[in-house]
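One structure is given below, encoded as structure tokens.
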Amino acid sequence: MSSTKVRVRFAPSPTGGLHLGGVRTVLYNYLFARHHGGDFVLRIEDTDQSRFVPGAEDYIMDCLKWCGLIPDESPLRGGPFAPYRQSERKESYRQYAEQLVIQGYAYYAFDTTEELEHMREKFKSDPNPSPQYDAKLRNHMRNSISLPAEEVKKLLDAGTPHVIRIRMPENEEIHFDDMVRGHVSFATNSVDDKVLLKADGMPTYHLAVVVDDYLMKITHAFRGEEWLPSAPVHLLLWKYLGWENSMPQWAHLPLILKPDGHGKLSKRDGDRLGFPVFAMNWTDPKTGELTEGFREKGFLPEAFINMLAVLGWNDGSEQELFSLDELVEKFSIGRVHKGGAKFDYEKAKWFNHEWIKKSDTERLLPDVKKVFRDKGIDISNDTLEKIIPLLKERCTLLPEFFEQGSFFVIRPETYDLPAVQPKWSEQKKTFFIQWIESLKDLQEWNFASLETSFKEKAANSEIKPGELLLPLRIMLVGGKFGPAAFDIAVVLGRDETIGRIKAALEVF
Ligand code: GLU
């Protein structure tokens, strides 16, 4: 195994928005592949046509692009094992299902939906409230185990709709070593005879995932813990198909839990508690319902990825902030926790704030420009270069650049008068009238010269500069927030600063 090139895959079914747990699965796959110099494959598992949702595949690819987790092989990029969409590989699966039937590991089942329902009703009992199609019941059903061979042949020749089911062995233990969970074992009696090939000739997920992991030479399969109950079926298929020696190493990743730790975090929890659960905005094409994503909420992908990486993994130190490159260097699947990780939105925002502070102006500029553009304001790069460094300490989510900084481009129309008026005086008014006169001749328009002239004039007027700074701020900004007043004046420029002070003096 050690000389084999590492190949991992993310294998989503395109059924809707991409949950943050899904992105974390992508991330761990990606990190593992990069860490080991391997390949990261995106395979679209779209064999369940009834769950097909238009747009979901493009959406998944856009999410990966936004996160910077670009697969080496995918439906978009192609690759040596193309096609990477299971619906386009439909023809390749039947032969394996048929092979299993011939070997006695699987069988044809002709039961109609009504017959299946009837079985569930008939065999329902207190100890067994939801009877399954399994070793105990399969003899009561219409399949190639219960029916005589001639009848099976007749049914097949007549083109009777049928599925192929795995024949789960009775009273056996199936076990394997999971890279996260350690030794795991299952009793075969608890698993039903899963359908492998459907009546329409499409494989189910169970068959397709095994066949494709084999054909695509996947060495490690990482997926969410919710797939653990399917693992015994997959393990048996690897064995029955004679591929046991090529089977990938499994890692079932812990769930991301609701903030209170009770159960898996769902989209509904996000709606209820007011935070995103999907990576990007998702509009359900059937209902038109829009679900807000982390991107649109104002998260940087660097922060989103960092937050997800440490939701279930650490490098053994206290470090919390990691760039993608650092994660690639430090990630190890052995340090992924076994237990679920509680999602904490406040902590997620903390990561974003840290990343906004850490990022340089050039990195933030396109995002901040977009925030203003979304509000209908086109702002020059020149101005952005000046305001981003002044604002970033104060912004946790990207839209706050507008909330905290719109006054740079929009003159205040209202003022926080209750904050100024109680201490306002004729003397202060005179100070400002005189100060703006002197500003007209100020030689250099920078922080130091503005501050010096302000302090000098204040001393002449016998007012403490500290008492004048709040009114100045409110004149320039409208409210009691924002960076240092002289920093603001530098960006506004001479005419606009003077204009704002004059306009405010009319109102105060
Ligand atoms: N198609 C499965 C899903 O939708 C993939 C599970 C796996 O990785 O085996 O998540």
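Values computed for the structure shown
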| quantity | calculated |
| --- | --- |
| Looking only at the range 470-508, and only at residues there that are charged (D, E, K, R) and more than 17 Å from residue 437 (Cα to Cα), the one that is most open to solvent (accessible area, probe 1.4 Å) | 480 |
| Within the range 10-28, considering residues that are more than 9 Å from the ligand (Cβ to nearest atom) and outside any loop (DSSP other than H, G, I, E, B), the one most open to solvent (accessible area, probe 1.4 Å) | 19 |
| Test: residue in the range 86-98 that is more than 16 Å from the ligand (Cβ to nearest atom), more than 23 Å from the chain's Cα centre (by Cα), surrounded by 14 or more Cβ atoms within 10 Å (Cβ to Cβ) and of a type in the set (Ser, Thr, Tyr) | yes |
| Subset of the range 122-162 that is over 42 Å from the mean Cα position of the chain (by Cα) and touching a residue at least 40 places away in the same chain (Cβ under 8 Å) - its residue that is most open to solvent (accessible area, probe 1.4 Å) | 156 |
| Residues (touching a residue at least 60 places away in the same chain (Cβ under 8 Å), exposed (fewer than 14 other Cβ atoms within 10 Å of the Cβ) and of a type in the set (Ser, Thr, Tyr)) located in the range 405-439 | 414 |
| Looking only at the range 189-224, and only at residues there that are open to solvent by 30 Å² or more (accessible area, probe 1.4 Å) and within 17 Å of residue 246 (Cβ to Cβ), the one that is nearest to the ligand (Cβ to nearest atom) | 214 |
| Residue check for residue 47: open to solvent by less than 60 Å² (accessible area, probe 1.4 Å), among the β-branched types (Val, Ile, Thr), farther than 23 Å from residue 309 by Cα and touching a residue at least 12 places away in the same chain (Cβ under 8 Å) | yes |
| Residues that are exposed (fewer than 14 other Cβ atoms within 10 Å of the Cβ) and touching a residue at least 40 places away in the same chain (Cβ under 8 Å), drawn from the range 56-85 | 68 |
| Filter result (open to solvent by 10 Å² or more (accessible area, probe 1.4 Å) and within 11 Å of the ligand (Cβ to nearest atom)) within the range 226-243 | 226, 227, 228, 230 |
| Selected residue [surrounded by fewer than 15 Cβ atoms within 10 Å (Cβ to Cβ) and either touching a Lys or Arg at 6+ places or on another chain (Cβ under 8 Å) or touching a residue at least 40 places away in the same chain (Cβ under 8 Å) (or both)] from 312, 288, 334, 293 | 334 |
| Criterion: open to solvent by 20 Å² or more (accessible area, probe 1.4 Å), within 16 Å of the ligand (Cβ to nearest atom) and within 19 Å of the chain's Cα centre (by Cα) - qualifying residue of 258, 267 | 267 |
| Residue ID - farthest from the ligand (Cβ to nearest atom), chosen from residues in the range 35-44 that are crowded, with 19+ Cβ neighbours inside 10 Å and not hydrophobic (A, V, I, L, M, F, W, C) | 39 |
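The values are calculated or read from the model by the stated rules, or taken from the named source; none is laboratory data. As the structure is a computational prediction, the values presented were derived from the model and not from experiment. Here Cβ is always computed from backbone atoms with ideal geometry, including for glycine, and neighbour counts include all displayed protein chains. Surface accessibility is based on the protein's heavy atoms, side chains included, excluding ligands, DNA and RNA. Shrake-Rupley method; radii C 1.70, N 1.55, O 1.52, S 1.80 Å.
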